[in-house]
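J.: Provided herewith is a single structure, encoded as structure tokens, for subsequent inquiry.
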Amino acid sequence: MSTQQTKIIMNGLWENNPALVQLLGLCPLLAVTGSVVNALGLGFATLLVLVGSNLLVSLIRNKVADDIRLPVFVMIIAALVTIAELTMQALTYELYQILGIFIPLIVTNCAILGRADAYARKNPPHLAVLDGLSMGLGFAAVLVLLGAMRELLGQGTLFADMDLLLGPMAKNWTLVIINDYRGFLFAVLPPGAFVGMGLIIAAKNTFDQYQKTQRLKAHPLSEAGSKRVRVTGTIA
Amino acid sequence: MSGTMPSSLITSIGAGAISLGVFAVLAAGAISLTYIAGSDAIAANKAAAKAQALSAVIPANLYDQSLLSAPVELADYSALNLEPKALAYAAVKSGTTQAIVLPVVAKDGYSGDISLLVGIDFDGIIQGVRTIEHKETPGLGDKVDHKKSAWIDSFIGKSLSNTPLDGWAVTKDGGVFDGFTGATITPRAVVNAVHQGLLYHQRQQSVLYNAPQEQ
């Protein structure tokens, strides 16, 4: 694996994580992370759409004039999401009934348009797909982490109702962490999502800061210039 | 406006419009193809899901033809908060209606409408209730969903004659149905809606059981 590919993967999963650093796609992220199963469902669907849209945008990158690229990208993403929704309805209706409400939400996820414009339109298909995969996994990981935090605090369980997504084999996956838990409504409702998200971002920043100071101690001169925190592409 | 627009601007607008149009046609075409290829399967899946939802509220020994085959249009749809032309479904066995599946909507849930199916037999006894659509709080109010909790089965066997008028409430309000910890509004709305369904069944019984039964 080349250093370029490693860099793309690290970017998506950590350094430029769409949820924690770019802060994109917060609407679906905050709306559906009440439990692990919902978070996993949306994370998986977003991952698929992100990979698909990155691939298509990369394939047509030399055929679209700069001035009209955004409407074209929006059309591609909207068409892709609609096709995914119709296909799921036709082939896996039960899964559609569970994930159905999340699918249209994916269109509102600016992380997808963000990656199309910041990365896929400037890079060849195989790199664009890798970028979509890493960004999608990075996004899904944050969703699941936040879902787990809120489910644990809100209901005292983990992995409840996983069978809705993964079928009968997941029927007994529910872990009751706290017995006779009375429920903590705040964690389940949207404010809990904001606070939980804030805590995760704070934890990431603290960890990065700690690593930076360690690095500076070891090589005092290695840090040159200022580093951009948000990388969402250049403004044309 | 004075003079004409520079021709380069017109060219670039034209090129942009054409290329945008091409992409719009391609996108619409891709969606249409998917729709045409999948619409039969989608319709079949929807009908199967609906038949399954109906069969969940009526025991199998009360009908011998598809529940979808005997719809009954509800005259007084507004009493159940339904849209005009809303349909109930008759459970028909040997040519006679044994039970009715009534759709009921509760408007007074915690967030948005709660859509229910209530299966009631000829004697006015509830055979089953299912929540088919709701937006209640996950982990609290969503226990009205049979996938999350068996609470909704507590309606089975209840009727207007074996449960007095003030019994149709959650225990907190002095009724016979358990509420949920931390969520009273949702079960209160569901109990009320099921009660409305039973009252409707009683009022309209002659109409519901005399509808023509198609085979």
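J.: Pick from B:Ile58, B:Ile100: which is in contact with a helix residue (DSSP H, G or I) (Cβ under 8 Å, 6 or more places away or on another chain), part of a loop (DSSP other than H, G, I, E, B) and modelled with pLDDT of 90 or more?
T.: Details: B:Ile100 fails: part of a loop (DSSP other than H, G, I, E, B).
Sole residue among the options that is in contact with a helix residue (DSSP H, G or I) (Cβ under 8 Å, 6 or more places away or on another chain), part of a loop (DSSP other than H, G, I, E, B) and modelled with pLDDT of 90 or more: B:Ile58.
J.: For the subset of the range A:117-167 comprising residues that are farther than 27 Å from A:Phe184 by Cα and not in a helix (DSSP H, G or I), which member is modelled with the lowest pLDDT? Quick ask: steps written out before the conclusion?
T.: Just the residues of the range A:117-167 that are farther than 27 Å from A:Phe184 by Cα, to begin with: A:117-138, A:167.
Applying the additional criterion that residues be not in a helix (DSSP H, G or I) yields A:119, A:123-124, A:167.
Working: A:Tyr119: 90, A:Asn123: 92, A:Pro124: 94, A:Gly167: 71.
Ranking the qualifying residues of the range A:117-167, first place goes to A:Gly167.
J.: Could you please let me know if B:Asp166 is touching a residue at least 12 places away in the same chain (Cβ under 8 Å) and surrounded by fewer than 20 Cβ atoms within 10 Å (Cβ to Cβ)?
T.: Values: touching a residue at least 12 places away in the same chain (Cβ under 8 Å): no; surrounded by fewer than 20 Cβ atoms within 10 Å (Cβ to Cβ): yes.
Taking the combined requirement at face value, the residue does not satisfy it.
J.: Among the candidates A:Gly52, A:Gly41, which residue alone is closer than 11 Å to A:Gly132 by Cα, outside any loop (DSSP other than H, G, I, E, B) and within 14 Å of chain B (Cβ to nearest Cβ)?
T.: Details: A:Gly41 fails: closer than 11 Å to A:Gly132 by Cα.
Testing whether each residue is closer than 11 Å to A:Gly132 by Cα, outside any loop (DSSP other than H, G, I, E, B) and within 14 Å of chain B (Cβ to nearest Cβ) leaves just A:Gly52.
J.: Then there's this: I'd like to check something: does the range B:69-76 contain any residue that is part of a helix (DSSP H, G or I), more than 9 Å from chain A (Cβ to nearest Cβ), over 21 Å from B:Gly157 (Cα atoms) and modelled with pLDDT under 90? Before you say what the answer is, go through the steps one by one.
T.: Filtering the range B:69-76 down to residues part of a helix (DSSP H, G or I) leaves B:69.
Applying the additional criterion that residues be more than 9 Å from chain A (Cβ to nearest Cβ) yields B:69.
Remaining after also requiring over 21 Å from B:Gly157 (Cα atoms): B:69.
The next check asks that each one be modelled with pLDDT under 90; those that pass are B:69.
Yes, the conditions are met somewhere in the range B:69-76.
J.: Can you find, within the range A:172-191, the residue that is surrounded by the most Cβ atoms within 10 Å (Cβ to Cβ) among those that are of a type outside the set (S, T, N, Q) and within 29 Å of A:Thr92 (Cβ to Cβ)?
T.: Going residue by residue through the range A:172-191, those that are of a type outside the set (S, T, N, Q) are A:173, A:175-178, A:180-191.
From what's left, within 29 Å of A:Thr92 (Cβ to Cβ): A:173, A:175, A:188.
On the way: A:Trp173: 15, A:Leu175: 13, A:Val188: 23.
So the residue we want is A:Val188.
J.: Can you find a residue in the range B:123-130 that is within 14 Å of chain A (Cβ to nearest Cβ) and surrounded by 20 or more Cβ atoms within 10 Å (Cβ to Cβ)?
T.: So in the range B:123-130, the residues within 14 Å of chain A (Cβ to nearest Cβ) come out as B:130.
Those still in the list that are surrounded by 20 or more Cβ atoms within 10 Å (Cβ to Cβ) too: B:130.
There is at least one residue in the range B:123-130 that is within 14 Å of chain A (Cβ to nearest Cβ) and surrounded by 20 or more Cβ atoms within 10 Å (Cβ to Cβ).
J.: Something else: Only one of these is closer than 30 Å to B:Ile132 by Cα, in contact with a helix residue (DSSP H, G or I) (Cβ under 6 Å, 6 or more places away or on another chain) and without any contact (Cβ under 8 Å) to a residue 12 or more places away in the chain: A:Ala79, A:Ala140, A:Ala148. Name it.
T.: On the way: A:Ala140 fails: without any contact (Cβ under 8 Å) to a residue 12 or more places away in the chain; A:Ala148 fails: without any contact (Cβ under 8 Å) to a residue 12 or more places away in the chain.
After applying the criteria, what remains is A:Ala79.
J.: From the residues in the range B:23-62 that are touching a strand residue (DSSP E or B) at 6+ places or on another chain (Cβ under 9 Å) and either aliphatic (A, V, I, L, M) or touching a residue at least 60 places away in the same chain (Cβ under 8 Å) (or both), which one is nearest to the other protein chains (Cβ to nearest Cβ)?
T.: Within the range B:23-62, the match that is nearest to the other protein chains (Cβ to nearest Cβ) is B:Ala53.
J.: Go through the range A:183-207 residue by residue and tally those that are aromatic (Phe, Trp, Tyr), part of a helix (DSSP H, G or I) and within 14 Å of chain B (Cβ to nearest Cβ). Break it down stepwise before answering.
T.: Quick first cut of the range A:183-207, residues aromatic (Phe, Trp, Tyr) only: A:184, A:186, A:194, A:207.
The next check asks that each one be part of a helix (DSSP H, G or I); those that pass are A:186, A:194, A:207.
With within 14 Å of chain B (Cβ to nearest Cβ) added as a condition, the list becomes A:186.
Matching residues across the range A:183-207 total 1.
J.: State whether one or more residues within the range A:161-171 are surrounded by fewer than 22 Cβ atoms within 10 Å (Cβ to Cβ), within 20 Å of the chain's Cα centre (by Cα) and in contact (Cβ under 8 Å) with a residue 24 or more places away in the chain.
T.: Looking through the range A:161-171, at least one residue is surrounded by fewer than 22 Cβ atoms within 10 Å (Cβ to Cβ), within 20 Å of the chain's Cα centre (by Cα) and in contact (Cβ under 8 Å) with a residue 24 or more places away in the chain.
J.: Same structure, new question: Taking the range A:57-67 as the search range and keeping residues that are assigned to a helix (DSSP H, G or I) and surrounded by fewer than 19 Cβ atoms within 10 Å (Cβ to Cβ), which one is farthest from the other protein chains (Cβ to nearest Cβ)? Step through it out loud before you land on a result.
T.: Going residue by residue through the range A:57-67, those that are assigned to a helix (DSSP H, G or I) are A:57-59, A:66-67.
Among the residues that remain, those that are also surrounded by fewer than 19 Cβ atoms within 10 Å (Cβ to Cβ) are: A:59, A:66-67.
Details: A:Leu59: 12, A:Asp66: 10, A:Asp67: 6 Å.
Per the stated criteria, the residue is A:Leu59.
J.: Let me ask something else about it. Would you point out which residue out of B:Ala37, B:Ala53 is under 26 Å from the mean Cα position of the chain (by Cα) and either surrounded by 12 or more Cβ atoms within 10 Å (Cβ to Cβ) or farther than 25 Å from B:Gln202 by Cβ (or both)? Lay out the reasoning, then the answer.
T.: Working: B:Ala37 fails: under 26 Å from the mean Cα position of the chain (by Cα).
Of the residues listed, the single one that is under 26 Å from the mean Cα position of the chain (by Cα) and either surrounded by 12 or more Cβ atoms within 10 Å (Cβ to Cβ) or farther than 25 Å from B:Gln202 by Cβ (or both) is B:Ala53.
J.: Across the range A:68-93, which residue is surrounded by the most Cβ atoms within 10 Å (Cβ to Cβ) among those that are among the polar types (S, T, N, Q) and at the interface with chain B (Cβ under 7 Å from one of its Cβ atoms)?
T.: Filtering the range A:68-93 down to residues among the polar types (S, T, N, Q) leaves A:82, A:87, A:89, A:92.
Next, from what is left, pick out any that are at the interface with chain B (Cβ under 7 Å from one of its Cβ atoms): A:82, A:87, A:89.
Numbers: A:Thr82: 19, A:Thr87: 16, A:Gln89: 23.
Among them, the one singled out is A:Gln89.
The values are calculated or read from the model by the stated rules, or taken from the named source; none is laboratory data. What you see is a predicted model; the values in this text were computed from it and never measured. As a convention, Cβ positions derive from the backbone with ideal geometry for all residues, glycine included, and neighbour counts pool all protein chains shown.
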